[in-house]
Each structure stands twice: as C-alpha cells, then as structure tokens.
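In what follows, a single structure is set out as structure tokens and then discussed.
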Amino acid sequence: MLRLILQRLAMAVPTLLLISIAVFAMIRLIPGDPALLMLGDMADPTRLAALRQSLGLDQPLAVQYLIWLKAVLSGDLGVSITSGQAVLPLILERFSVSATIVLSAVLLAALIAVPLGMLAAWKQDSFLDLGLVTSATLLLSVPGFWMGLLLLYVFGLELGWFPVVGYVSFKEDFGKALAYVVLPIATLVLHESGVIIRMARASTIEVLRLDYIAHARAKGLSERSVLWGHALRNAFAPTWTLIGLILGNLLGGIAVIETVFTIPGIGRLMVDSIYARDYPVLQGSLLLITFVYVLVNLLVDLMYPLFDPRVKI
Amino acid sequence: MKSSLKNALALGLIALVGAGAAQAQTLRLALNSDIRSLDPGVNRDDRTDEVLLHMVEGLMAYGEKGEVKPLLAQKVDVSADGLTYTFTLRQGVTFHNGEPLTSADVLWSWNRDMDPKTQWRCLPEFDGSGLSKVTSVTAPDPQTVVMQLDKPSGMFLATLARTDCGGTAVLQKASVNAQGEFVQPIGTGPYQMGEWKRGQYISLNRFDKYQSLPGARDGYVGGKQALVDEVRFVIIPDQATVKAALFSGDLDMAEVTETDLPEVKAHANLKVSTAPSATMNVLMFQTRDPLLKDPRIRQAIAAAIDIDQLVATTSNGFGVANNSIISVASNYYSAAEKAGFKYDPAKATELLRQAGYNGQPLTIVANRRSMVPSYDLAIIAQAMLQAVGMNVNVEVMEWGTQLERYQSGRYQAMSFTYSARFDPALSFEQVTGNKDKEPRKAWDDPQATELLGQALREGDVAKRQAIFDQLHKRFIDQVPMIVMYNGLDIMALNQKVEGYNSWIGQKPRLWGVSIKP
C-alpha cells in the first residue's frame with residue numbers, strides 16, 4: 001500500500017508541473033495585466049512601464065515562469081500582486097474555509113442520498129421511486145447559484161432565520177459560524193444529493209439483478225437483510241467513486257456559492273485573482289487544488305477495498 | 001413534540017443571528033471587493049481610497065463641489081511668483097496614537113512618499129515628470145511647512161488633495177515599524193483602524209479625540225465628527241446578495257445601480273440618497289479608424305443618438321444628459337458647457353451620405369460590470385444608429401480585456417466609464433493628448449492640448465473657466481467621443497440611518513452619519 005501511495009504521489013509531480021505550465025501560459029494569454037488593472041484609466045505609459053518592471057512583468061515569459069518555478073520548488077509561492085500577502089498562507093486559509101463547507105456538505109449529502117437512492121432502487125417503479133427520481137433530477141438540474149439565492153430569499157430574507165451576508169470562522173464562535181454556513185451547505189447538499197441519489201439507485205438496481213442476490217433471496221433472507229447486508233457494499237462502490245469526484249470538483253469549484261453567500265473561500269479568491277490578474281495567487285491556488293484533487297482520488301482508491309472485496313491494493 | 005423541536009431550533013437560530021446583529025452602533029456598508037492595502041495612495045483602488053480616507057487626512061482636500069480647500073492646513077499662502085507654498089498647520093490636531101500633529105510629521109510623510117521604494121502613486125506628479133517639480137520641503141517651525149516648486153502649477157494643491165494620492169496623507173511615523181515596513185495608518189481622521197478580515201470586512205472605530213473643522217460636512221473638509229462607534233465595510237461581490245442584505249437589514253447602506261433604484265425605493269425599510277458624480281459615461285471613438293477618422297461620420301453618430309432618451313433608459317430616469325467633459329456637479333459647469341449635441345436623425349442621414357457611408361461595419365466594445373451602464377449604453381446606441389442605416393455590432397468583453405483595448409487604442413468605438421476627476425483640467429487631461437505617445441487618449445488635437453496645458457498651469461478661476469469653455473466648444477465640434485451623462489452616486493440606506501448625503505466624489509463619507517435607535 002505504501003508503495004502505491006508513493007507511486008501515486010510521484011505521478012502527481014508531472015501532473016502538477018504540466019498544470020503549472022498550462023495555468024501560467026493561459027492566464028497570460030488573457031489580454032490585460034495586473035499593472036494595467038491597478039492603474040485603470042489613468043495609466044500613462046511611463047507609469048505603466050515602471051509598474052510592470054517593479055512587478056517583474058517586463059521579463060520574457062519563460063524567464064518569469066522559471067523564476068516562479070524555482071521559488072515554488074523551495075516552498076515559496078510568492079506574494080499576491082494585489083494585496084501583498086504571502087500566497088501560501090493566504091490560499092491555505094481560504095482553502096480551509098471552502099474545505100469545511102464542502103466536506104460537511106458532501107458528508108451530509110452522502111448520508112442522505114445513498115439510503116434514498118437504494119430505497120428508490122428497492123421500490124423500483126413505485127410512486128416512491130418516481131418521486132425520488134423526479135426530485136433528484138430536479139435538484140441536479142437547478143443551478144447551484146439559483147438554489148442558493150432561493151434559500152437566501154426564503155430563509156434569510158422572508159423568514160429571517162439566517163444572516164444574509166457575512167462569515168464567522170468556527171475558531172472564533174462556533175454558534176455564529178454555524179448560522180453563517182447552514183445555507184451554503186444546504187445548497188450544496190441539495191444539489192449534490194440529486195446526483196448521488198441517481199447513482200446509488202442505478203448501481204443498486206444493477207446489483208439487485210445479480211445472481212448472488214437472487215441466491216440470498218432464495219435462502220429466505222428478509223428483503224431488509226438482502227438490501228443492507230448483501231447489496232449495500234457492492235452497490236456503494238461506484239457511488240463512492242462518484243463522491244470522490246464530487247469532493248474533488250467542489251473543493252476547487254464553489255466560487256459561485258461562495259460569491260452568493262459572501263464566504264471567503266478559495267473559489268472566490270480565484271475569481272478575484274482572475275479579474276485582477278493576480279498571477280501568483282491564481283497559480284498557487286490551482287496548484288493546491290490539483291494536489292488536493294490527486295490526494296482525494298488516492299484516498300478514494302485506497303478505501304475502495306472496504307466496499308468491494310474484489311479490489312486488491 | 002416534532003413541532004416543539006422545530007420551534008426550539010428556529011428560536012435557537014434566531015437567537016444566534018440576533019446575537020450577531022446586536023451591535024446597534026455599528027454602521028454596516030457594502031464594498032463590492034476587498035481593499036488592496038492600508039497604505040494610502042500606494043497599493044490602492046477606489047475602494048481602498050474610500051476606506052482609508054476615513055482614517056487619514058492631508059494638508060488639502062476636496063470640498064463638496066470639487067473645490068480644493070485646506071484640511072490639516074489652517075491656511076496656505078502662495079507667493080506672487082506661484083513658486084512657494086507656505087502651509088500653516090491647524091492647532092490641536094492629534095494622531096490616533098495621541099501624538100500631536102507638527103510640521104515634522106508632514107515632512108516625514110512627504111519624504112516617505114517621495115522615496116521611490118514606497119511606490120507612492122503620485123510621485124511622478126511632483127518629481128519633475130509632471131507639470132512641476134517640488135524642489136524642496138522645509139519645516140521652519142512646528143506649525144509651518146514650506147514647499148518650493150520649480151515652475152508655477154495651477155494643479156499643485158489639487159494634486160495634493162487627489163483621492164488616488166491618498167489625499168497626500170500626513171501619517172505619524174509609528175505607521176511604519178522599525179524595519180521601515182508599513183504596518184497600519186496612524187492618521188488624524190475621524191475614524192481609526194479597527195480590524196481587517198481579508199475577504200470579509202474591514203472595520204474602523206471612532207476616534208474620540210478627533211479635531212473636526214467647524215460647520216457642516218463639505219466634501220472631505222468641513223465638519224467630520226464620527227457619530228457611530230464603528231463602521232464596518234462588508235465585502236459582498238454579488239449585487240443580488242447586496243440587495244437581499246439591505247432588505248433583510250443585515251446591511252445599513254450600500255451603493256446600488258440605477259436599475260435597482262425603483263425596487264429599493266419601493267421597500268419600506270429603505271430610502272435612497274442620489275447625486276451626480278464626476279464619473280463620465282461615454283461613447284468614445286478611435287479617430288484614426290478608417291471609418292471614424294472622417295469627422296462627418298462622428299458628427300452623424302452624435303446626431304443619430306437621442307441622448308436624452310438613452311440617458312433616461314439606461315439610468316431609469318435618474319440621470320441627467322451632459323455632453324461636457326465637465327461634471328454637472330462642478331462649479332465650472334456653466335452655460336457654455338450646457339451646449340451639447342442635438343438629436344437630428346435627418347441631419348445624421350445627410351452627414352452619412354456626404355461622407356460616402358456605405359454600410360461599413362462599426363463595432364462598439366462594451367463590458368457588463370454591474371455598477372456601470374456600459375452594455376446598456378452600447379445596445380441602445382446600436383439600435384439608434386441602426387435606425388439611420390448604420391451597420392453596428394456590439395462586442396462584449398471582460399473589463400481587463402477592455403482596459404487593454406482602451407490603453408492600446410485598439411477599438412473603433414467603446415462604451416466606457418471614466419473614473420471621477422474633481423478638477424475639469426484633470427478630466428480633460430484624461431482624454432486629451434498625442435495618440436502616438438499615449439494611444440489611450442481619445443482626443444488628439446494639438447490646439448486642445450495647448451489649451452489644456454494653459455488650464456493646468458493657470459490658477460485663476462475666471463481664466464480657467466474661459467479656457468474650459470473654449471475646450472468644450474472644440475470638443476463638441478470635433479466629436480472625439482460623446483459624453484452621455486455623469487454617473488450617479490446612488491446610496492440605498494436603511495430608514496434608521498440619518499445624516500448621509502451622496503456627492504460628486506461618489507465615495508461615501510461616514511462622518512456625521514448616525515443610526516436612529
């Protein structure tokens with residue numbers, strides 16, 4: 001297992017390198033640079049050239065990349081062009097905010113959606129199944145930001161149960177923090193539950209058709225026992241892969257939710273960095289997210305044998 | 001049982017939320033993005049200036065109509081040759097750390113600003129790269145500062161007061177640490193630094209020992225007493241969330257767009273304060289473009305656009321058409337500046353015919369930022385130009401990309417919003433100049449550049465007015481761009497907020513503002 005972990009981590013290095021080159025090149029292909037955005041409509045050529053020089057943007061692209069890469073290899077992700085903050089602590093702080101919300105949401109979504117998906121499969125073609133499938137399709141079809149605004153409107157504005165804007169970290173005040181993250185977590189749970197319900201249902205239906213389930217039923221086992229004792233583990237394996245993918249995607253992609261709920265997470269940081277052409281922050285954030293994605297997938301793979309005994313590591 | 005549990009949960013949550021909103025004397029205001037730094041005039045943007053100018057002050061500042069007045073200076077004496085400026089400081093002013101303001105602080109702040117390492121934005125204005133050079137700054141006694149220029153400049157005091165220069169803030173030297181690194185602004189403003197939670201909010205606390213000028217609020221001068229314990233700028237990038245927070249009472253005030261205005265006005269808990277600002281919404285032309293280099297085409301475009309209707313539509317009826325570079329709120333906005341373009345589609349058609357227009361395409365570049373009318377303006381202008389037979393497209397791009405096009409001059413027409421300038425000479429300077437040297441300049445007319453030079457050097461108000469009137473006439477005749485209207489400073493306020501007013505400077509001023517219990 002250790003060998004696999006090391007092997008996979010080693011494989012992540014060229015991935016990260018390629019990502020870094022792609023990100024570096026792509027962000028610079030967008031017209032406009034941080035100096036221009038900082039000076040706005042008052043940018044006279046002399047001042048612009050001076051600012052570009054002070055930011056190191058007058059160097060050839062390859063040189064800029066190598067300077068950045070050399071610093072990254074020594075653990076220094078640079079300094080934000082817009083705020084002057086060191087990039088590493090900044091992105092770690094913002095990532096922890098996103099991760100708290102995403103992990104809670106995915107855990108809750110899995111706890112709710114997997115049993116519901118299996119229930120739908122068990123009661124296939126019943127009204128319950130139809131209701132669950134329809135709800136799931138609706139939930140995954142509704143854009144996340146719209147769902148967020150709807151929840152904000154109903155529970156923040158109309159009922160006044162939750163604050164509409166702001167954020168308090170759990171370290172500061174647990175109770176207040178909870179009030180601020182309930183709606184963003186609920187938005188993600190609702191959206192991702194739709195996807196998970198459909199996957200759990202499909203894979204359970206497939207497993208329920210297998211011979212060993214028929215054999216279990218023939219032995220006279222109760223349906224409950226067949227479902228939870230025999231079908232669950234096998235049916236859960238593909239859903240587990242999906243949960244891993246969702247987790248990876250969300251950890252790098254809840255910018256819209258963070259914007260709607262004013263959560264200072266890494267998604268919002270990246271969007272701001274793109275608009276401000278804050279190259280170091282954007283490059284650092286994407287490197288971190290790629291690394292986390294690799295890590296999440298590795299963990300998913302390592303846990304696979306727990307659900308499917310046929311898989312050996 | 002279930003119902004009781006639900007009620008208990010709801011009550012618990014309400015209590016949690018209620019606990020968060022219990023600070024009655026905190027004034028909460030939305031910012032659409034975080035500030036860049038705490039160092040005035042260094043790493044800054046409009047939001048940064050907006051926040052920092054509550055904490056720092058300079059020798060001079062802008063009044064309500066954009067006129068320059070003393071702030072930390074009690075008076076300014078200018079020598080007959082216009083080269084020596086003697087500032088007498090106000091008595092009894094103290095910094096946030098309790099230290100008294102003296103000329104040594106002014107000298108220290110100036111030297112720090114003029115050190116290239118500080119990267120003060122306005123250094124080129126005073127080091128000889130601009131109009132004039134400050135050759136020496138001395139402090140002959142604790143209440144006097146003398147600044148010497150190499151040549152006269154009508155813009156010297158106005159530049160000192162500029163908000164993007166951080167008002168040339170006078171800081172106490174404890175603002176930097178032993179290593180010379182900037183820590184936080186210790187200024188003389190009505191609020192002092194509270195807490196900056198990056199990406200979340202920045203809060204400022206009332207400075208109890210603030211020495212206010214007498215009288216009512218007057219731009220950045222006049223009475224500036226803080227009436228609330230804390231002001232909190234909450235960072236909310238999404239405009240829909242801003243509105244929801246205003247409606248729910250989670251925010252006390254926020255800048256809103258013309259589009260949102262009717263909805264905000266109709267809400268029982270809210271009221272609005274509006275004023276024209278010095279920002280300019282324009283349709284600018286690339287006068288070197290093969291199609292647009294013919295002034296008759298540009299004049300035809302100006303005649304084809306019903307500017308009153310365009311302004312009424314894009315501003316939801318709240319804007320006032322103004323074809324002048326000078327803001328309608330400026331003291332220099334006179335009868336001459338009111339003479340603008342006239343809607344005359346027949347004349348437009350005739351001018352197009354004379355110019356030999358034959359359906360050549362015209363592309364208007366626009367952006368869709370929420371707080372500017374760039375896109376709406378472009379779309380309406382497109383429809384009006386199509387009505388006189390022009391072939392017009394609108395190309396929407398992201399702001400950074402549009403800015404690059406603006407800077408390089410690579411566009412045919414562009415729907416653009418210029419940032420605010422208080423002094424008309426600076427407004428003209430934004431658009432006038434040699435395109436070979438500065439491609440961003442829309443108006444390349446040597447005679448206009450010469451007139452602008454005179455306005456920048458001239459200090460006499462009447463003489464400046466005459467120059468601006470001449471510039472305006474040439475501008476309307478040549479149509480390098482069509483100024484449609486000045487932006488609107490629209491602040492939505494909770495009914496409990498008292499004492500606030502919008503103004504030409506657009507940036508909110510939170511002194512003299514209170515919350516009704």
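The values are calculated or read from the model by the stated rules, or taken from the named source; none is laboratory data. Quantities reported herein were computed from a predicted structural model and do not represent experimental measurements. Glycine also receives a Cβ, built like all others from the backbone with ideal geometry; neighbour counts cover every protein chain displayed. Just so you know, the surface numbers come from the protein's heavy atoms only, side chains and all, with ligands and any DNA or RNA stripped out. Shrake-Rupley method; radii C 1.70, N 1.55, O 1.52, S 1.80 Å.
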*Longest exposed-loop-site-free stretch of chain A, with trypsin sites (Lys or Arg not before Pro), DSSP loop and at most 11 other Cβ within 10 Å?*
A:1-170
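Starting from the Kirkwood Rh over alpha-carbon pairs, what translational D in µm² s⁻¹ does the protein assembly as shown have by Stokes-Einstein at 10 °C and 1.306 mPa s?
So the translational diffusion coefficient is about 53 µm²/s.
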*Relative to the Cα centre, what is the charge dipole magnitude of chain A, using +1 at the beta carbon of each Lys and Arg, -1 at the beta carbon of each Asp and Glu, and rounding to the nearest 20 debye?*
960 debye
*asked:* Stokes-Einstein diffusion coefficient for the stretch A:232-313 at 20 °C in a medium of 1.002 mPa s, Rh from the Kirkwood formula over Cα pairs: what value in µm²/s?
replied: 150 µm²/s
*asked:* Give me the dipole magnitude in Debye, nearest 20, for the stretch B:276-488 about the Cα centre, with unit charges on the beta carbon: positive for Lys and Arg, negative for Asp and Glu.
replied: 160 debye
_Counting only other chains, and only Cβ atoms inside 10 Å, what mean value do you get across the residues of A:75-86?_
2
*Got a sec to turn the phi values of the stretch B:66-78 into Karplus ³J(HN,Hα) couplings, 6.51 cos²θ - 1.76 cosθ + 1.60 with θ = phi - 60°, whole Hz, x for Gly and Pro?*
x, 7, 8, 9, x, 10, 7, 7, 7, 7, 10, 10, 10
*Mind jotting down the three principal axis lengths of the stretch A:164-257 based on Cα atoms? Whole angstrom, largest first.*
58, 25, 20
*Distance between Cα centroids, the stretch B:254-304 to the stretch A:240-272: provide it in whole Å.*
35 Å
_Before we go on, tell me the buried accessible area for the B/A pair, both chains summed, 1.4 Å probe, in Å² to the nearest 100._
3900 Å²
*Where a ≥ b ≥ c are the square roots of the eigenvalues of the C-alpha gyration tensor, would you call the stretch B:56-148 rounded, which needs a/c under 1.5, or, failing that, prolate if a/b is larger than b/c, or oblate?*
rounded
*If you project the alpha carbons of the stretch A:15-73 onto their three principal axes, what span does each projection cover, largest first, in Å?*
41, 19, 15
_Quick check: Cα centre of the stretch A:22-58 to Cα centre of the stretch B:394-414, how many Å?_
15 Å
_I'd like the distance between the alpha-carbon centres of the stretch A:119-135 and the stretch B:184-221, rounded to an integer number of Å._
61 Å
*Please name whichever of A:108, B:160, A:168 sits farthest to the positive end of the charge dipole of the protein assembly as shown, dipole taken about the Cα centre and charges placed at Cβ: Lys and Arg +1, Asp and Glu -1.*
A:108
*Count, for each residue of B:357-366, the Cβ atoms from other chains sitting within 10 Å of its Cβ, then give me the mean as a whole number.*
0
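Using alpha carbons only, what's the Rg to Rh ratio of the stretch B:276-488 with Rh from Kirkwood?
On the way: Rg = 16.1 Å, Rh = 17.2 Å.
That ratio equals 0.94.
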*When the helices in chain B are scored as -39500 (n - 2.57) per DSSP H run of 4 or longer and the sum is shared across all residues, what 222 nm value do you end up with, to the nearest 500 deg cm²/dmol?*
-9000 deg cm²/dmol
*Rounded to a whole number of µm²/s, how large is the Stokes-Einstein D of chain A at 25 °C and 0.890 mPa s, given Rh as the Kirkwood radius over C-alpha pairs?*
110 µm²/s
*Radius of gyration and Dmax for chain B's Cα atoms, expressed in Å?*
24.7, 88
